[in-house]
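The structure under discussion appears below in the form of structure tokens.
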Amino acid sequence: MADRSPLGLLDTDSLVNEEDAAIQQTVRRFVDERIRPDIAEWYENGSTPVRELARELGSIGALGMHLEGHGCAGTSTTAYGLACLEVEAGDSGIRSLMSVQGSLAMFAIHAHGSEEQKQQWLPEMAKGEKIGCFGLTEPDFGSNPAGMRTRARRDGSDWILDGNKMWITNGSVADVAVVWAHTDDGIRGFVVPTDTVGFSAPEIKHKMSMRASVTSELVLDGVRLPAEAMLPEAKGLRGPLSCLTEARFGIIFGSIGAARDCLEATLRYAAERQIFDKPLGGFQITQAKLADMTVELGKSMLLALHLGRLKDEGRITAEQVSFGKLNNIREAIKIARECRTIMGAAGITLEWPMMRHANNLESVLTYEGTTEVHQLVIGKALTGQDAFR
């Protein structure tokens, strides 16, 4: 074998066209040069130069890259997925910055906003000059967003928003928040500049996961917005759920990046670590673990590329996205944990990436649909029975 990397065994690179592969390599170089040298320190300190990284991601065209127009690059969605893979190989928190910006905040405005909203926000968001966040989850309503308590009421021609959102990536550094609220006309989305009176976003500290990502609460206390702040093309839960489906697609690829990084690091360690007078990688149990992880990584990559093709052809369904998210994040976290066992005590340090990735993947396993939610989505598709209630 010329390529001894985990994904080289199946030659999955041959399934990617030249244009998408070039984009992937550009992002990989960015991660190698800009994220890897400092990520352990950012993670340990819980402090990341988010605004600087956003501008740099914008400069390589990675923010909202699969959207068209208004300063967005208009790449294939497979290219976007491969970019998520490379960024998450650096860290899930940095990938969250990228995907919340592009596939939640920007996508919401791109898919459901007015032309004026698109012109006002998308070009600067694509450059990373403006940062967005997405306010759906609440302290008591995560998997059941329909129960949200945030309300928007009319006051003349204006809207008044009151409520709280929780676990919001980018919240404390955002310039604009897409906030979902109950109205007399159902659930609607609003574009909220974060300098609006009554809006605040206290950062959530003391996290054991996603420490290189900014996570916040959003507090809306009598936030007054003009009528044109409402997203005109989104009504009901279909609006926010369409955004979640878009972001989940990035996770299908991104989780592979975290798993690949763990496995590549473990292979290096197993080749160098001497135990009982020979390399750790020369023992049968070690090789069995490495083989099993490589098989699951390869299967996850084949699944991701298949779903990428379906999405590029406009044929992907929400159930298929749930299929991909359920499988790939579940396997990624297993790989991170198994790699830690091969590493022994070295695996718990920030000198190696597996414990950091495993901790981050605990959040990725939960957000944008828990394992249980995706199981029920697939179960409903198979049986026609809604088991959510």
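The values are calculated or read from the model by the stated rules, or taken from the named source; none is laboratory data. This structure is a prediction, so every number in the text was calculated from the model and none was measured. Cβ: placed from backbone, ideal geometry, glycine included. Neighbour counts: every protein chain shown. Ligands, DNA and RNA are excluded from the accessible area calculation, which covers all protein heavy atoms including side chains. Shrake-Rupley method; radii C 1.70, N 1.55, O 1.52, S 1.80 Å.
For the stretch 30-117, please list each of the helices (runs of 4 or more DSSP H) lying entirely inside it that holds at least 2 residues being open to solvent by 10 Å² or more (accessible area, probe 1.4 Å) and among the small types (Gly, Ala, Ser).
50-59
Anything in the stretch 165-192 that is aliphatic (A, V, I, L, M), within 29 Å of residue 48 (Cβ to Cβ) and in a strand (DSSP E or B)? List them, or say none.
Hits for the stretch 165-192 are 166, 168, 176, 177, 178, 179, 191, 192.
Residues that are surrounded by 14 or more Cβ atoms within 10 Å (Cβ to Cβ), of a type in the set (Lys, Arg) and under 25 Å from residue 169 (Cα atoms): does the stretch 286-295 have at least one?
No; the residues of the stretch 286-295 include none that is surrounded by 14 or more Cβ atoms within 10 Å (Cβ to Cβ), of a type in the set (Lys, Arg) and under 25 Å from residue 169 (Cα atoms).
Among the residues of the stretch 196-224, count how many are more than 8 Å from residue 171 (Cα to Cα), open to solvent by 30 Å² or more (accessible area, probe 1.4 Å) and not in a loop (DSSP other than H, G, I, E, B).
Of the residues in that region, 5 qualify.
Name the residue, out of 278, 235, 289, that is touching a residue at least 24 places away in the same chain (Cβ under 8 Å), farther than 30 Å from residue 155 by Cα and not hydrophobic (A, V, I, L, M, F, W, C).
Being touching a residue at least 24 places away in the same chain (Cβ under 8 Å), farther than 30 Å from residue 155 by Cα and not hydrophobic (A, V, I, L, M, F, W, C) holds for just one of 278, 235, 289, which is 289.
Of all residues in the stretch 1-29 being in contact with an Asp or Glu (Cβ under 9 Å, 6 or more places away or on another chain) and not in a helix (DSSP H, G or I), which is farthest from residue 97 (Cα to Cα)?
3
Could you tell me which residue of the stretch 143-164 is least open to solvent (accessible area, probe 1.4 Å), considering only residues that are part of a loop (DSSP other than H, G, I, E, B) and not aliphatic (A, V, I, L, M)?
That would be 150.
I'd like the residue in the stretch 308-328 that is assigned to a loop (DSSP other than H, G, I, E, B) and of a type outside the set (S, T, N, Q) and, out of all such residues, is surrounded by the most Cβ atoms within 10 Å (Cβ to Cβ).
By that ranking, first place goes to 316.
So, in the stretch 241-271, exactly how many residues are open to solvent by 60 Å² or more (accessible area, probe 1.4 Å) and out of contact with any helix residue (DSSP H, G or I) (no Cβ under 8 Å at 6 or more places or on another chain)?
Going through the stretch 241-271 one residue at a time, the tally reaches 1.
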